[in-house]
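The values are calculated or read from the model by the stated rules, or taken from the named source; none is laboratory data. Fair warning: this is a prediction, and the values are worked out from it, not measured in the lab. Here Cβ is always computed from backbone atoms with ideal geometry, including for glycine, and neighbour counts include all displayed protein chains. In case anyone asks, the SASA skips ligands and DNA or RNA and just uses the protein heavy atoms, side chains included. Shrake-Rupley method; radii C 1.70, N 1.55, O 1.52, S 1.80 Å.
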Amino acid sequence: GALSDEDGATVELEEVGADGWIGDLLGRLRGVSTIEEVGQPENFCGELRPYQLRGVSWLNFLTQYGLGACLADDMGLGKSIELLALALRLKATGMLTRPILLICPTSIVGNWQHEAARFAPDLRVLVHHGAERLGRADAAQFLAEIERHDLVITTYSLAPRDEATLAKARWGAIVLDEAQNIKNVAAKQSRVVRRLSAPIRIALTGTPVENRLVEFWSIMDFLNPGYLGPYKSFQQRYANRIERRHDKAALTQLQALIRPFILRRLKTDPTIIQDLPEKIEMREYCALTREQVSLYEAVVRDGLRQLEENPSAMRRRGVILAMLTRLKQVCNHPAHLLDDGSPLPGRSGKLTRLEELVEELLAEGDRALIFTQFAALGARLQPYLAERFGVETLHLHGGVPRLDRTRMVERFQAEDGPPLFILSLKAGGYGLNLTRANHVIHFDRWWNPAVENQATDRAFRIGQTRNVQVRKFVCSGTLEERIDLMIEQKRALAEQVVGTGENWITELSTGQLRDLFSLRADALAE
């Protein structure tokens, strides 16, 4: 080992010995003695898998000693619920008397809200986000409000704007989700986030050490400030030696320094595979952009006006189905509704979330099926994703001749096949065997569980040797969320109720439709 001063100069040490709690801490950090496993909090709604309980125990151990922890499990293994379980535990044991500040990308604010409500309903959650947020003009109002909450959720993009307000608060803990968002050391949001302080600091990321080691320095400097020395000396001592000269001794030393503070489990690990179900289903709650909100409201206004003109039953059904289609298109992307060939980036909450997920699954060497019921949308997504990520991307829709369809399936199933396959739901629903995929993403929803499950089963069938993660995109505050909820509540009846596609929606009264279509406050991203 070595001791470093603040300029990065080092003194080599042969052995460090200590008694009491420091000896205990050093032993556990080195992996000599085991970390005590904690039980699941009584008020956690759900059942933590064994590896998730180990994750909570590990986080609990490091935070007890005021050490920053990076939970870097593969995507889909449940980092967020481990964090929520830890929050409940810290609150119950009296270790946490101040609110937790959680900073995440705008695209997953809705996910955190829903996960907290589902798994940790006892946590009082405040979303600090959007134009109506407290503290924009009056910090005192925000500081008073957070005292009534356990978890305050905000975004990386807001942190620089609200730094003065956020820095005035006394936080019990600061948690960074998708912590790779502070990988750029010099970026304003990275500097602001690293300046915020709290006794407990946690980073969650599926991709901890990305392309360059200096990016990891930024996360580590947030977790345990000063631990890896100043940025410049870290660059000279580790980054340059490891990346340019492939210096094994420097790499070994760096790994020894950071290993105690990172917990990374892979879904391919045999011990994890035993803990996992074969198919993990989850919702991805996406927010609308401002452009999507204004288009959504215009479609609703126009549709309700037509319904108020009391058309015949046949015409009424047509108006409702047309409205449903147009609202789905708005939720997907403004360019999908407008059909104007306009650029795709930065205009849709769903597309932003898809890009984040694709980036992560490609980094893990995974492959995905992306379902949409609109061939026109698939035709726009295919070249966009191929160029954005520099990977071959296939697109199968009803118009693809049978021979080409067979070739596409064979290409995807090949050892060196493409990682992304976009399928229109109807074309991809039957007779396909696509077991190379271990992710299934439903970009838009059919609102017919039978059809969706059939599509999911293209990947999840005989011959699949890996666990499959299924993600269903839902725009928060829109009809997508409310229909999803209605189907979930009627799960037992769902096959009968929704068995005929969307016709059941046409039977609702105008009042019910108005309620179904009206936007809720949490729909807008920022």
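Only lysine pairs 8 or more places apart, or on different chains, with alpha-carbon atoms under 13 angstrom apart are counted in the chain, and they number 4. Remark: segment 400-416, residue by residue, has Karplus-estimated 3J(HN,Hα) of 7, x, 4, 5, 5, 4, 4, 4, 4, 4, 5, 4, 5, 7, 5, 4, 9 Hz, where x stands for each Gly or Pro and the curve is 6.51 cos²θ - 1.76 cosθ + 1.60 at θ = phi - 60°. Going by the alpha-carbon gyration tensor, a ≥ b ≥ c the square roots of its eigenvalues, is segment 76-141 rounded (a/c under 1.5) or, if a/c is not under 1.5, prolate (a/b greater than b/c) versus oblate? Here segment 76-141 falls in the oblate category.
Normalised radius of gyration (Cα atoms, divided by 2.2 N^0.38 Å) for segment 132-215: 1.15.
Diffusion coefficient of segment 218-326 by Stokes-Einstein, Kirkwood radius over Cα pairs, 25 °C, 0.890 mPa s: 119 µm²/s. Comparing the chain with the 2.2 N^0.38 Å rule of thumb, its C-alpha radius of gyration ratio is 1.04 (two decimals).
For segment 141-275, what does the alpha-carbon gyration tensor say about shape, rounded, prolate or oblate, given a ≥ b ≥ c as the root eigenvalues, a/c under 1.5 as rounded, and a/b over b/c as prolate? Oblate, because a/c is 1.5 or more while a/b does not exceed b/c. Computed from backbone phi, the HN-Hα couplings of segment 518-523 come to 5, 6, 8, 4, 8, 6 Hz, rounded to whole numbers (Karplus: 6.51 cos²θ - 1.76 cosθ + 1.60, θ = phi - 60°; Gly and Pro given as x).
Spin-label pair K188-I273: with each label point 7 Å from Cα along the Cα-Cβ axis, the two points sit 4.8 nm from one another. Were the residues from R118 through L266 laid out at 0.36 nm apart, the gain over their Cα-Cα distance would be 50.8 nm. With both labels modelled 7 Å from their Cα along Cα-to-Cβ, the S294 to T506 distance reads 3.3 nm. Using the Kirkwood radius built from alpha carbon pairs, what does the Stokes-Einstein equation give as D for segment 322-373 at 25 °C and 0.890 mPa s, in µm² per second? Rounded to a whole number, D works out at 199 µm²/s. Here the accessible area is traced with a 1.4 Å probe on the protein chains. For segment 40-138, carbon and sulfur cover 46 percent of it.
Note on exposure: K350, K91, K232 ranked by accessible area (1.4 Å probe, complete protein assembly) read K232, K91, K350, with the most exposed listed first. Eigen-decomposition of the gyration tensor built on the alpha-carbon atoms of segment 54-109 gives equivalent ellipsoid semi-axes of 19, 15, 11 angstrom, largest listed first. Rolling a 1.4 Å probe across the protein heavy atoms gives the chain an accessible surface of 45 Å² per residue. Restricting the calculation to Cα atoms, every distinct pair contributes to the Kirkwood radius of segment 325-475, found to be 15.4 Å.
Normalised by 2.2 N^0.38 Å, with N the number of residues, the alpha-carbon radius of gyration of segment 27-127 equals 1.07. Ordered from largest to smallest accessible area (heavy atoms of protein chains, 1.4 Å probe), the residues T406, T154 come out as T406, T154.
At 0.36 nm per residue, minus the direct Cα-Cα distance, what do A164 and L321 gain on full extension? Give it in nm, one decimal, please. Extending this stretch completely gives an extra 51.7 nm. Just so you know, the Cα atoms of segment 101-180 work out to an Rg and Dmax of 12.0, 33 Å. What the Cβ-Cβ distance of L485 and E37 gives, at R0 = 45 Å and to the nearest 0.05, is a FRET efficiency of 0.80.
Applying 1/(1 + (r/R0)^6) with R0 = 35 Å to the Cβ-Cβ distance of L257 and R347 gives a FRET efficiency near 0.25.
The calculated FRET efficiency for Q141 paired with A363, based on their beta-carbon distance and R0 = 45 Å, is about 0.65.
Among the cysteines of the chain, those whose beta-carbon sits 4.7 Å or more from every other cysteine beta-carbon are C45, C70, C104, C286.
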